[in-house]
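The values are calculated or read from the model by the stated rules, or taken from the named source; none is laboratory data. Model, not experiment: these values are computed from the prediction. Backbone-built Cβ (ideal geometry, glycine too); neighbour counts: all protein chains shown.
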Amino acid sequence: MDVGTLRRRSALLVASLGLLAVACGGSSGGSSSATSTPAPSASTAAAATVKLAPKTVAGKSESILVDSKGMTLYLFTADKGGTVSCTSTCAQNWPPLTLASGVSSPTADKTVTGKLATVPNPGGGTQVTYNGWPLYYFFKDKDTADTYGQGVGGKWFVVTPDVAPAT
């Protein structure tokens, strides 16, 4: 086997594994590109402040939860009862919103009406929750307008201020 063939097969394998791991149980919807970028690590937004921002989600304008930098926050429907179930490879693609070292609780902008709290994250740290739902980012969201994680696998959704408590 020549070097060119070996390189092409290796690239195909890496791309296939990356696409397989992206959704933790589903394919991505929306208009995200198929190019692979390094997944961000867990994020500790400045003091884990959560606020509302208007965004276009699936072609419709609505208010959703974002972090202090304006990045979209998501919930995972498999997180029943507020238990974090997105770990390992899943958490590489869906990094949790965690508290910074030395911060004891998340803060909410005055526009946020639900309850912010925390749960231990199995990968380490303290993950922020909203109405009992652990909060995550999506690795394909690169700027504040992005909502590429909406509807991925039928299990990932942007967090709206009126989301029912996790049960």
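Against the definition (surrounded by fewer than 18 Cβ atoms within 10 Å (Cβ to Cβ) and in contact with a Ser or Thr (Cβ under 7 Å, 6 or more places away or on another chain)), how does G70 come out, yes or no? In short, yes. Could you please find all residues in the range 99-131 being in contact (Cβ under 8 Å) with a residue 40 or more places away in the chain and touching a helix residue (DSSP H, G or I) at 6+ places or on another chain (Cβ under 7 Å)? Selection gives L99, A100, V103, P106, T107, G123, V128, T129.
Here V119 clears all of (1) outside any strand (DSSP E or B); (2) more than 14 Å from V50 (Cα to Cα) except the condition numbered (1).
All of (1) surrounded by 13 or more Cβ atoms within 10 Å (Cβ to Cβ); (2) at pLDDT below 95; (3) more than 15 Å from the chain's Cα centre (by Cα) hold for A34 with one exception: (1). Within the range 52-92, being in a strand (DSSP E or B), touching a strand residue (DSSP E or B) at 6+ places or on another chain (Cβ under 7 Å), in contact (Cβ under 8 Å) with a residue 24 or more places away in the chain and not charged (D, E, K, R) holds for L52, A53, V57, S63, I64, L65, V66, T72, Y74, L75, F76. Quick check, is T107 closer than 18 Å to V50 by Cβ, in contact with a Pro (Cβ under 9 Å, 6 or more places away or on another chain) and β-branched (V, I, T)? Considered against the rule, which asks whether it is closer than 18 Å to V50 by Cβ, in contact with a Pro (Cβ under 9 Å, 6 or more places away or on another chain) and β-branched (V, I, T), T107 comes out as no. The C-beta contact set for the range 132-144 (first residue in contact (Cβ under 8 Å) with a residue 24 or more places away in the chain and buried (at least 20 other Cβ atoms within 10 Å of the Cβ), second residue basic (K, R) and assigned to a loop (DSSP other than H, G, I, E, B), distance under 9 angstrom, 6+ apart or interchain) comprises G132/K115.
Among the residues of the range 128-143, count how many are among the aromatic types (F, W, Y) and part of a loop (DSSP other than H, G, I, E, B). Break it down stepwise before answering.
We begin by selecting, within the range 128-143, every residue among the aromatic types (F, W, Y); these are 130, 133, 136-139.
Checking the rest, the ones that are also part of a loop (DSSP other than H, G, I, E, B) come to 137-139.
Result for the range 128-143: 3.
Residues in the range 108-158 that are within 21 Å of S88 (Cβ to Cβ) and among the charged types (D, E, K, R): K140, D141, K155. Assessment of the range 157-164 against the conditions (of a type outside the set (A, V, I, L, M), surrounded by 16 or more Cβ atoms within 10 Å (Cβ to Cβ) and within 20 Å of T87 (Cα to Cα)) yields at least one matching residue.
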